[in-house]
Amino acid sequence: MNNNLRFGTSGIRGLFQEEIDTNMVMKLIESISLSDLGSKFLVGHDSRRSCILFANILTSGLSYHENKVNQIGFAPTPLVAYATRKGDFDLGFSVTASHNPPNYCGIKIFDSNGIAIDEKTEQMLQNYSSEYKFHPDKFGRITFDEGIKVDYSLDIMKRFDSGKKKFKILVDCANGVTGDFTPLLLSKMGHKVISINSHPSHLFHGHSPEPIKENLSVTTTLVKNSDVDFA
């Protein structure tokens, strides 16, 4: 496979070990370190084992170049963007393949404002990747602080007033990392919540994460045969 960095419409993404592998992650680390994009980074990931692997490589590799790195573990992509801006990080990395099948992996990069890096920055990183070469004995600091997750939930609750009317809601988390957030958040807002597929799994046991009709047949049947207001 071609190990050069290749950014698509939403970061770097592809089949694990076929289109994206650990060598590509190492090249990304080196490109970031050679650039002038900062030295304080945040890393979050989804439930895929490949994404957990890449997140750990990113965390260790960026630290290897005297950078400060905070890893927040399981985190939906919007949380990574939020935490990058809120925590005053230079870049945030969401290691996820989103709605793609389990054998995919990917990395989305956010700037200090929590916005996806632009094409100019992507091109710069791709150019730097041709200079891939490690420099030993340079270590920064790694932290594992997940406190930002509480701030994220509180800010959502402040921003969206649920009003007096409360609902009965079915939440299908598709075995992704939102299972740690959405059901609890809606419950705290006063709604009655029924959650399914809320346990994070790298195999997405309930159904494929792609939200299409055939993958949501059980969910739609539950909605039709129960007294929930919506799902």
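Some points to look at:
- Qualifying positions in the stretch 117-128 - surrounded by fewer than 21 Cβ atoms within 10 Å (Cβ to Cβ) and out of contact with any Asp or Glu (no Cβ under 9 Å at 6 or more places or on another chain): Glu119, Lys120, Glu122, Gln123, Met124, Gln126, Asn127
- Among the residues of the stretch 3-39, those that are over 18 Å from the mean Cα position of the chain (by Cα), farther than 21 Å from Tyr64 by Cβ and at pLDDT 90 or above comprise Gln17, Glu18, Glu19.
- Enumeration of residues in the stretch 144-189 that are modelled with pLDDT under 90, under 20 Å from Ser226 (Cβ atoms) and among the small types (Gly, Ala, Ser): Gly179
- A single entry from Thr77, Thr84, Thr96 fulfils the requirement of being within 15 Å of the chain's Cα centre (by Cα), surrounded by 18 or more Cβ atoms within 10 Å (Cβ to Cβ), β-branched (Val, Ile, Thr) and farther than 23 Å from Leu203 by Cβ: Thr84.
- Where helices (runs of 4 or more DSSP H) fall entirely within the stretch 132-231, those with at least 2 residues that are surrounded by fewer than 12 Cβ atoms within 10 Å (Cβ to Cβ) and polar (S, T, N, Q) are at 217-224.
- Single residue of the stretch 139-178 satisfying the filter (closer than 28 Å to His207 by Cα and polar (S, T, N, Q)) that is nearest to the chain's Cα centre (by Cα): Thr178
- Of residues in the stretch 109-128 being small (Gly, Ala, Ser) and in a loop (DSSP other than H, G, I, E, B), the one farthest from Ser94 (Cα to Cα): Ser112
- Positions within the stretch 79-126 being closer than 19 Å to Asp151 by Cβ and of a type in the set (S, T, N, Q), in sequence order: Thr84, Ser94, Ser112, Asn113
- Test: residue in the stretch 34-43 that is touching a helix residue (DSSP H, G or I) at 6+ places or on another chain (Cβ under 6 Å) and under 26 Å from His205 (Cα atoms): yes
- Pairs with Cβ under 8 Å, 6+ apart, first in the stretch 144-171 and without any contact (Cβ under 8 Å) to a residue 60 or more places away in the chain, second surrounded by 13 or more Cβ atoms within 10 Å (Cβ to Cβ) and aliphatic (A, V, I, L, M): Ser153/Leu184; Ser153/Leu185; Ile156/Leu185; Met157/Leu185; Met157/Met189; Phe160/Met189; Ser162/Met189
The values are calculated or read from the model by the stated rules, or taken from the named source; none is laboratory data. What you see is a predicted model, and the numbers here were worked out from it, not measured in a lab. Backbone-built Cβ (ideal geometry, glycine too); neighbour counts: all protein chains shown.
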